[in-house]
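First up is the structure itself, then whatever we jot down about it.
We did not get these values from a lab; they are worked out from the coordinates using the rules stated. Remember, it's a predicted structure, so these values are computed and weren't measured experimentally. Here the Cβ is made from the backbone with ideal geometry for all residues, glycine too, and neighbour counts use every protein chain on show.
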Amino acid sequence: MQERSSKSPRLAAAALLIFSLGGCTLISEAGTPDPSTASSRPAAQVLPELETILPDLLALGGEASPLAVQQLKEESCLDPLQEDNWNTQTRALGWLVGRFTDHESAQGAMDAWKSHLETGGWVQDDELRNAPETNGDVHVMRYHSEDLQLSARYDHAELNGSRNVSVVITSPCMKNPEDHRMTRSKLDPDYGVSSKYYDSDAEKADPA
C-alpha cells in the first residue's frame, strides 16, 4: 500500500498485524483485481459516499471512543514490488481503527455497527464470534452493500491485553488512464502531505 501516515505509526502497525480476513484483500495487501468484481464507479466517485458512512460509524463507537480515521482515500490495487504505475488500477478505501481498554466498550462498538449496518440495508456475508478472553479474533463481521465491501474486526491481544477494533470499507478495483492522479478525502490524515501519487498541491490550496 502507499504512503503511511506518520501521525499514529504504532496504532497503524498494530492494526495491520491484526487486520487480515480470510481471502480478502485488505489494508496490508494489494493484489491483482478480479475482473468479475469490476466497478462501474471510479474510486474518486466512491469517496464522497465513504465520507458519509465513516463518520456515522465513528459516532457509534461510544463515548470517548478511541476510534479514528486512519485512511480515507483512493489507493492502488497493484503490488508495489511488482508494478510501477500504481495509479492505473485503484479502489476507494476507508479505514477506522481504535484500541479499547475493555471488552465491554470494544464489543459495544461492534454490536452498534452490526445493528446500524443491518438497519441500513447492508447484507452480512459471514460472522465469527469467540469468547472475550480469546487470544486473537473475538468478533469478525463481513458485509456488502452494492459494490462496497465492509470488514469489521475486534481482536484481543492476550500478551498485553489490548482490544483493537477496526473497520475497512473498499470498492472494487478499476482501471484508469496512465495519467490518472489518485484522490484523498479531507478526512484522511495525510490530506495535504506531499506525494507523487496524489495532487498534494491542489490539496494544500483547498485545506481540510
Prolate/oblate/rounded call for region 143-182, Cα gyration tensor, a/c under 1.5 rounded: oblate
Tally Lys and Arg at +1 and Asp and Glu at -1 over the other residues with C-beta under 10 Å from the C-beta of residue 134: what net charge comes out? -3
Give me a comma-separated list of calculated 3J(HN,Hα) values for region 113-122, in order, Karplus coefficients 6.51, -1.76, 1.60 applied at θ = phi - 60°, integers in Hz, x for any Gly or Pro. 4, 4, 5, 5, 5, 6, 5, x, x, 5
Using label points projected 7 Å from each Cα along Cα→Cβ, tell me how many nm separate residue 84 and residue 193, to one decimal. 2.6
Note: region 107-208, point scatterers on Cα, Debye, no solvent; log10 I/I(0) at q = 0.11, 0.19, 0.23 Å⁻¹ equals -0.53, -0.96, -1.08
Quick query: amide H of residue 125 versus all other amide H atoms, modeled in the peptide plane; which residues come in under 5 Å with a sequence gap of 5 or more or a different chain? 142, 143, 144
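I need the calculated FRET efficiency for the pair residue 51 and residue 137, taking r as the beta carbon distance and R₀ as 45 Å, to the nearest 0.05.
Working: r = 29 Å, r/R0 = 0.64.
FRET efficiency, residue 51 to residue 137: 0.95.
Rounded to the nearest 5, what is the percent of antiparallel bridges among the DSSP beta bridges in region 117-208?
Numbers: 23 of 24 bridges.
Roughly 95 percent of the beta bridges in region 117-208 run antiparallel, per DSSP.
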Along the three principal axes, how long is region 40-107 when you take its alpha carbons, biggest first, rounded to the nearest angstrom? 44, 27, 14
